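These notes concern the structure reproduced below.
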């Protein structure tokens, strides 16, 4: 007869695993794996020194804090892994000719290297915008947030009808091809279509060729007008998708795109006229009263003119507030406002709850009164 273990003794010998949960902020991580996805794309996998569960919303991003040539550099990347694998997370990076950070990561970041990340952040995700039927449209490395969504739906056996359409330059540029084909082969509610812009010498391809257009979209997803659409890719790609959908009368409340890194608007005559007006307004603003911004922990204060951000004011004092995107997306520059009011023009890098608690993004917050900042 097997010995019976005394409950008291078992409870004494058992050491429960103390697992922390990821929350938005600054965290130290270690690179544990580097995977070559294509000839110019690598996936970097991270975890923490102590057990930590990385909960995030599929589609969100993190901001890496790096030191390159002795200079602190912040850069945001979408998480390509799924929170259904919670003890690690991954980013997938394409090497860009002349790209300072992407090239540095490809050439220098290796297993066991440690760095700091900020996040997760971002309104572009499939948790806040649920649907029974979704259409995922990606171009190039813009596949990363949509891959996180696809993995999440697959791993959780979600009752969501997914149509995934990915556009690549050539067959050798298709990121995650084998995994996407595996997912498509395992479940009936996941449809995959890949479009290659061109076929190079020595390559074979039996799929769609050229660019995503109305005719291809109607063949691949004839019910696309009734789906929630998530789109990410180069700016020209996303502009083309928006133009196509708008022309068909698609309800854009059901369209979501990852706007991080979008290129500036084209210089048109209207833009020039607006700029001239802005200059005149700026000249008038200079005559207006200034505000005092106090940084409590630093023990310094400064007079700022209307229109200057909290981050710029801190920089003039020599106070370094970490910053990533500079346009209110990544949330890296979040600070707590003790007193005063600001005009904040953010792009999803802060939640309504955080705003109610007094937090602001210093990169896109301009004082509208005297301010006290806990920094």
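Could you compute the FRET efficiency for residue 353 and residue 131, with r as their C-beta to C-beta distance and R0 at 30 Å, rounded to 0.05? The pair residue 353/residue 131 has a calculated efficiency of 0.80. Under the simplified labelling scheme, the residue 368-residue 33 pair shows an inter-label distance of 4.9 nm, with each label point 7 Å from Cα along Cα→Cβ.
Applying 0.36 nm per residue to the separation of residue 55 and residue 108 and subtracting their alpha-carbon distance, the gain on full extension is 16.3 nm. Placing a label point 7 Å from the Cα of residue 218 along the Cα-to-Cβ direction, none of the residues of the stretch 166-201 has a backbone N under 17 Å of that point.
How would you order 26-33, 364-371 from highest to lowest mean count of nearby Cβ atoms within 10 Å? Write out the running numbers ahead of the final one.
Details: 26-33: 15.9, 364-371: 19.5.
Per-residue Cβ counts within 10 Å, averaged per peptide and sorted highest first, yield 364-371, 26-33.
Listing 24, 185 from fewest to most neighbouring C-beta atoms within 10 Å gives 185, 24.
May I ask you to order 321-330, 38-47, 207-216 by the average number of other C-beta atoms within 10 Å around their residues, highest value first? Mind showing how you got there, number by number?
Values: 321-330: 21.3, 38-47: 18.8, 207-216: 13.6.
In descending order of packing, they fall as 321-330, 38-47, 207-216.
Projected label points at residue 315 and residue 251, each 7 Å from Cα along the beta carbon direction, are separated by 4.3 nanometres. The stretch 133-257 gives an Rg/Rh value of 0.94, both radii derived from C-alpha positions and Rh following Kirkwood.
Bear in mind that the values in this text are calculations on the coordinates, not laboratory data. Please read these numbers as outputs of a predicted model, since none were measured by experiment. Glycine gets a Cβ as well: all are built from the backbone with ideal geometry, and neighbour counts include every protein chain shown.
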